[in-house]
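Please treat every number below as a calculation from the coordinates, not as lab data. A quick note: this is a predicted structure, and the numbers were derived from the prediction, not measured. Note: ideal-geometry Cβ built from the backbone for every residue, glycine included; neighbour counts use all protein chains shown.
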Amino acid sequence: MKIKKIETFSNQYLSFVKLTTDRGDVGWGQMSTYHADITTQIFHRQVAPYSIGLKLQEQPNFADHLQLIIEKEHKFPGSYLLRAIAGLDTALWDLYGRLLEKPVASLIGGKPGKVKIYGSSMRRDISPQDESLRLCKLRDELGISAFKFRVGAECGRDKDEWEGRSEDIVKVLAKDLGADVQRLVDGNSCFSPEKAIALGNYMQDYGVSHFEEPCPYWEHNQTKLVKDALDIDVAGGEQDCDMSTWKSTLEKKVVDIVQPDVMYMGGIYRTLKVASMANEIGLPCTPHAANLSLVTICTKHLLTAIPNAGKYLEFSIEDETYYPWQKDIFNGNPFEVIDGFVEVTTDPGWGVEINLDWLENSDYRVTEIN
Ligand SMILES: [Mg+2]
């Protein structure tokens, strides 16, 4: 069995990959979101040429092929190549899932079942009162019992989105959501260690349990200062996709919770590797999954398979009114939340079908065997 055809369906935000074998089997994957049209060019130039004609074994065993692409393209380390490789990795997992009639979860050591979510707000342009209204509504209607909201400004150099917003939102949500609801915050690289520690102490008093990316994420020593000073869990690593960065931040124990992103990492194999390295030193893994595309589906499967899975799946609460590009990507609703949980079903592969209308309105490219 070998890969005969590699097709992509893309727009500026999203790009899906369809693999077809010489036996007619197919698998669907996705590259990382945003500037996906650029990632698609990289995919057909620097990923697909190595993969067309690739001989596939009966069981999934393609980690070395992904690594070989990285080695062949070793002059291009970094995000874009891995965002493209994620499309190949996730399509191959889906292909094997369909072939072997198993969900990907079962192929990687997990199993179908329920996964607890935390509702993840992406917004800073929202007042503490308005944020409270929508989070309380989700708590009451969907039974979600953990939420993450935003503090500081994104890469804000110690500036808040507006003065006093961070302290206000921590206080308002502590009161409105109640003590039974876990509260997590994300600083998105805003703070110096001094400011992060001061805010961290304030948040500890209000029962916040998770402080994500307090300092510029590339300043590992700053993040570690904050981690060492606070009782609250410091989380991070969502942008990190290079294995040497992961090895070094894990060795230095920069964070309490690691957050690799399946799509930024280059797919499931490399994310499993990070989760496993974290497990060796006793750290939980709560991957980053910040939108309702395939990243959240893949992460759901992954969480069932790792022994150090964090408490919950990141689940964006922003629908298409905030991210119009998320509209009508899949058939049905693969993101249904019941009593604060989503489900990994027994459906083969990722268990999703991409909407034909969406595909027909995308930009099409193909690499195939002549
Ligand atoms: Mg984050």
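In the set (1) over 22 Å from Leu135 (Cβ atoms); (2) touching a residue at least 12 places away in the same chain (Cβ under 8 Å); (3) among the polar types (S, T, N, Q), Thr296 fails one condition alone, (1).
On the stretch given as region 168-192, residues that are β-branched (Val, Ile, Thr) and either within 11 Å of the ligand (Cβ to nearest atom) or without any contact (Cβ under 8 Å) to a residue 12 or more places away in the chain (or both) total 1. Considering only region 152-162, I want to know if a residue exists there that is away from the ligand (no atom under 15 Å from the Cβ) and of a type in the set (A, V, I, L, M, F, W, C). Yes, that holds for at least one residue. Taking the conditions exactly as written (in contact with a Gly (Cβ under 9 Å, 6 or more places away or on another chain) and in contact (Cβ under 8 Å) with a residue 24 or more places away in the chain), does Ser316 satisfy them or not? Here the answer is yes, as Ser316 does meet what is asked. For region 243-263, a residue qualifies if it is within 17 Å of Ile69 (Cα to Cα) and buried (at least 22 other Cβ atoms within 10 Å of the Cβ), and exactly one does: Met263. Listed here are the helices (runs of 4 or more DSSP H) enclosed by region 223-280 that have at least 2 residues being in contact with a Pro (Cβ under 8 Å, 6 or more places away or on another chain): 268-280.
Taking the criterion of being more than 22 Å from the chain's Cα centre (by Cα) and outside any loop (DSSP other than H, G, I, E, B), the residues of region 202-222 that qualify are Tyr202, Met203, Gln204, Asp205, Asn221, Gln222.
The helices (runs of 4 or more DSSP H) found entirely in region 27-99 that carry 1 or more residues being hydroxyl-bearing (Ser, Thr, Tyr) and over 22 Å from the mean Cα position of the chain (by Cα) are 48-51.
Conditions tested, residue by residue: (1) charged (D, E, K, R); (2) under 15 Å from Glu238 (Cα atoms); (3) more than 14 Å from the ligand (Cβ to nearest atom).
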| position | (1), (2), (3) |
| --- | --- |
| Ala289 | no, yes, no |
| Leu292 | no, no, yes |
| Ile306 | no, no, yes |
| Phe315 | no, yes, no |
| Glu318 | yes, no, no |
| Thr321 | no, no, yes |
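So, of the residues in region 139-151 that are away from the ligand (no atom under 16 Å from the Cβ) and under 18 Å from Ser209 (Cβ atoms), which turns out to be farthest from the chain's Cα centre (by Cα)? Among those that are away from the ligand (no atom under 16 Å from the Cβ) and under 18 Å from Ser209 (Cβ atoms), it is Arg139.
Scan region 225-236 and give yes if some residue there is acidic (Asp, Glu), closer than 28 Å to Leu92 by Cβ and surrounded by fewer than 19 Cβ atoms within 10 Å (Cβ to Cβ), otherwise no. Reasoning before the result, please.
In the first step, residues of region 225-236 are kept if they are acidic (Asp, Glu); the result is 228, 231, 233.
Within this subset, residues satisfying the condition of being closer than 28 Å to Leu92 by Cβ are none.
For region 225-236, residues acidic (Asp, Glu), closer than 28 Å to Leu92 by Cβ and surrounded by fewer than 19 Cβ atoms within 10 Å (Cβ to Cβ): absent.
Which residues, taken from region 10-27, are surrounded by fewer than 23 Cβ atoms within 10 Å (Cβ to Cβ), within 21 Å of Tyr96 (Cβ to Cβ) and in contact with a helix residue (DSSP H, G or I) (Cβ under 6 Å, 6 or more places away or on another chain)? Of everything in region 10-27, just one residue is surrounded by fewer than 23 Cβ atoms within 10 Å (Cβ to Cβ), within 21 Å of Tyr96 (Cβ to Cβ) and in contact with a helix residue (DSSP H, G or I) (Cβ under 6 Å, 6 or more places away or on another chain), namely Asp25. Scanning region 33-61 for residues that are in contact with a strand residue (DSSP E or B) (Cβ under 9 Å, 6 or more places away or on another chain) and without any contact (Cβ under 8 Å) to a residue 12 or more places away in the chain yields one hit, Gln41.
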